[in-house]
Amino acid sequence: MLDKTRLRIAMQKSGRLSDESQELLARCGIKINLQQQRLIAFAENMPIDILRVRDDDIPGLVMDGVVDLGIIGENVLEEELLSRR
C-alpha cells in the first residue's frame, strides 16, 4: 500500500515519453533508480513514489485518486477528453 503522505506520480513505463519524464524528474533534482523493471520506484531524496504504467492507464489513475500527478502525452489527453464527451 502506498503512503498517502508521499507524492505519487504516474509515468509511462517505456517509450520516448518515459525517457523524457525521467530526464524531467532528474532536472527537478529527484533521484530515482528506474533501472530495475519494477512498477513502483521510490525517490531517494524526496517523499515521492513513481508508478510506471501504460500511458493509457494514467488518466484513470489520476481521476481515481490512485496517483496525485500523471505525466502523459497530449495525444493521450485528447483521446481521454474525446471519450468523455
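Tabulated data for the structure shown
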read-out: Residue 35 being free of Cβ contacts under 8 Å to residues at least 24 places away in the same chain and outside any helix (DSSP H, G or I); value: yes
read-out: Residue 48 vs. criteria β-branched (Val, Ile, Thr), closer than 16 Å to residue 21 by Cα and modelled with pLDDT of 95 or more; value: yes
read-out: Residue satisfying all of: in the stretch 1-29; of a type in the set (A, V, I, L, M) and touching a helix residue (DSSP H, G or I) at 6+ places or on another chain (Cβ under 9 Å); nearest to residue 61 (Cα to Cα) among these; value: 10
read-out: Residue tally, condition part of a helix (DSSP H, G or I) and either crowded, with 17+ Cβ neighbours inside 10 Å or out of contact with any Lys or Arg (no Cβ under 9 Å at 6 or more places or on another chain) (or both), over the stretch 2-21; value: 5
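The values are calculated or read from the model by the stated rules, or taken from the named source; none is laboratory data. Model, not experiment: these values are computed from the prediction. Don't worry about glycine lacking a Cβ; one is built from the backbone with ideal geometry, like all the others, and counts go over all protein chains shown.
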